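**Student:** Sharing a structure below in structure tokens format, with a few things to ask.
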Amino acid sequence: MRDTVFKIEENKRIARDVYEMLLKGDASDIKAPGQFINIKLDGFYLRRPISVCDWKNDEIRIIYKVVGEGTKYMSELSRGDELLVLTALGNGYSTETLLNIIKNEPATRVVLAGGGVGVPPLYGLAKRLSELGVKPDVVLGFNSAEDVFYKEEFEALGLSVKISTMDGSMGVKGVVTDVMKDEKGEPLYDYVFTCGPEPMLKAVYNAVGDGQFSFEARMACGFGACMGCSCKTKYGNKRICKDGPVLYREEIIW
């Protein structure tokens, strides 16, 4: 974890109120999909924690939704503007854990389930899993067709992508768990990587027996000092920013 100056290479709208930003700078500290960065914005007291969508050693790609003044400010930034960023925060998804499971149970059915702005970290995960020879299904949930993004990017990795929308304007009408069952209502998958709003995570928790869940939380410092994002788990209190944001299904208490 360190503060680094990044220069904006690109900042564009990709769906309703959703923007994709490409930052150029030293991203070599990032080691796992599911980690996040904390961005300092001029004129704002608290930084903005944003999950990493994808990264290379010299760049970070993020996707964010305009929901308040801070993210509105971000959406108005231009190519060449600079941002001070804390990189490589949190514990991300463990691909090694899945590989060990598949080694013992080769028929394990894997799915990536994302809702709204919970989708971005799953893309970086999908790329790493594909490189390791694992081809999970992808299930993405949105409110409507206007909100859908990154469907084509996941498909470009050779993955099967299913879409659910609350209003039925694209894909299956309903939520992500509605497309995670077969015609008889039986679960299609054994292991899940997921990220999204808490009600979605709880529904996914009840639909799949094992997996890794990335939680969202209000954060002040972003690295565990303030204790503001603590939550109870079966193994004691954990900080979403430091010990998470990814927790294993077995440790989650609702």
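**Student:** Suppose we keep only residues that are touching a Pro at 6+ places or on another chain (Cβ under 9 Å) and touching a residue at least 40 places away in the same chain (Cβ under 8 Å) within the range 127-141. Which one would you say is nearest to Ile30 (Cα to Cα)?
**Tutor:** It comes out as Arg128.
**Student:** Please find, within the range 88-109, the residue that is nearest to Val208 (Cα to Cα) out of those that are surrounded by 21 or more Cβ atoms within 10 Å (Cβ to Cβ) and at pLDDT 95 or above.
**Tutor:** Leu98
**Student:** Does the range 76-85 contain at least one residue that is part of a loop (DSSP other than H, G, I, E, B), within 20 Å of Ser130 (Cα to Cα) and in contact (Cβ under 8 Å) with a residue 40 or more places away in the chain?
**Tutor:** Taking the range 76-85 as the starting set, the residues that turn out to be part of a loop (DSSP other than H, G, I, E, B) are 76-81.
Adding the requirement that they be within 20 Å of Ser130 (Cα to Cα) leaves none.
There is no residue in the range 76-85 that is part of a loop (DSSP other than H, G, I, E, B), within 20 Å of Ser130 (Cα to Cα) and in contact (Cβ under 8 Å) with a residue 40 or more places away in the chain.
**Student:** What are the residue pairs meeting all of these: first residue in the range 232-254, first residue aromatic (Phe, Trp, Tyr), second residue crowded, with 16+ Cβ neighbours inside 10 Å and at pLDDT 75 or above, Cβ atoms under 7 Å, and 6 or more apart or on different chains?
**Tutor:** Taking only residues 6 or more apart or on different chains, the pairs are Tyr248/Gln212.
**Student:** On to the next question. Go through the range 94-120 residue by residue and tally those that are small (Gly, Ala, Ser), closer than 14 Å to Gln35 by Cα and in a helix (DSSP H, G or I). It would help to see each step written out before you state the result.
**Tutor:** As a first pass, look at the range 94-120 and keep what is small (Gly, Ala, Ser): 94, 107, 113-116, 118.
Cutting the leftovers down to closer than 14 Å to Gln35 by Cα gives us 94, 118.
Right, trim to in a helix (DSSP H, G or I) and you get 118.
Total satisfying the criteria: 1.
**Student:** As an exercise: evaluate Ser144 against (1) in contact with a strand residue (DSSP E or B) (Cβ under 8 Å, 6 or more places away or on another chain); (2) closer than 19 Å to Pro120 by Cβ; (3) surrounded by 15 or more Cβ atoms within 10 Å (Cβ to Cβ) and give the number of the one condition it does not meet.
**Tutor:** All conditions pass for Ser144, except number (3).
**Student:** Test each condition in (1) over 22 Å from Phe215 (Cβ atoms); (2) part of a loop (DSSP other than H, G, I, E, B) for Tyr73 and report the one that comes out false.
**Tutor:** (2)
**Student:** Do any residues in the range 143-159 that are closer than 19 Å to Lys65 by Cβ have Cβ atoms under 7 Å from those of residues that are among the hydroxyl-bearing types (Ser, Thr, Tyr), where the two are at least six apart or on different chains, and which pairs are they?
**Tutor:** Note: pairs meeting the criteria are Asn143/Thr165; Ser144/Thr165; Ser144/Ser169; Ala145/Thr165; Ala145/Ser169; Tyr150/Tyr123; Glu153/Tyr123; Phe154/Tyr123.
**Student:** Is there any pair with a first residue in the range 40-59 that is aromatic (Phe, Trp, Tyr) and surrounded by 21 or more Cβ atoms within 10 Å (Cβ to Cβ) and a second that is modelled with pLDDT of 95 or more and assigned to a loop (DSSP other than H, G, I, E, B) whose Cβ atoms are under 9 Å apart and which are 6 or more apart or on different chains, and what are they?
**Tutor:** Trp55/Ala27; Trp55/Ile30; Trp55/Pro33; Trp55/Gln35
**Student:** Separate question: Sort through Tyr123, Tyr189 and tell me the only one that's of a type outside the set (A, V, I, L, M, F, W, C) and part of a helix (DSSP H, G or I).
**Tutor:** Working: Tyr189 fails: part of a helix (DSSP H, G or I).
Tyr123 is the lone residue from the list that is of a type outside the set (A, V, I, L, M, F, W, C) and part of a helix (DSSP H, G or I).
**Student:** Output the residue which, of all residues in the range 1-36 that are of a type in the set (Gly, Ala, Ser) and under 24 Å from Arg128 (Cα atoms), is surrounded by the fewest Cβ atoms within 10 Å (Cβ to Cβ). It would help to see each step written out before you state the result.
**Tutor:** At the first step, the residues of the range 1-36 found to be of a type in the set (Gly, Ala, Ser) are 15, 25, 27-28, 32, 34.
In the following step, the residues that additionally are under 24 Å from Arg128 (Cα atoms) were identified as 25, 27-28, 32, 34.
On the way: Gly25: 19, Ala27: 21, Ser28: 13, Ala32: 19, Gly34: 23.
Ranking the candidates gives Ser28 first.
**Student:** Could you count how many residues in the range 1-28 are at pLDDT below 95 and within 22 Å of Phe215 (Cβ to Cβ)? I'd like the intermediate steps shown before the answer.
**Tutor:** Filtering the range 1-28 down to residues at pLDDT below 95 leaves 1-3.
Restricting the remaining residues to those that are within 22 Å of Phe215 (Cβ to Cβ) gives 1.
Residues in the range 1-28 being at pLDDT below 95 and within 22 Å of Phe215 (Cβ to Cβ): 1 in total.
**Student:** With respect to the numbered conditions (1) modelled with pLDDT under 95; (2) under 30 Å from Lys181 (Cα atoms), which one is the sole condition not fulfilled by Lys65?
**Tutor:** (1)
The values are calculated or read from the model by the stated rules, or taken from the named source; none is laboratory data. Keep in mind the model is a prediction, meaning the values are calculated, not measured. Positions of Cβ are generated from backbone atoms using ideal geometry, with glycine treated the same way; all protein chains shown enter the neighbour counts.
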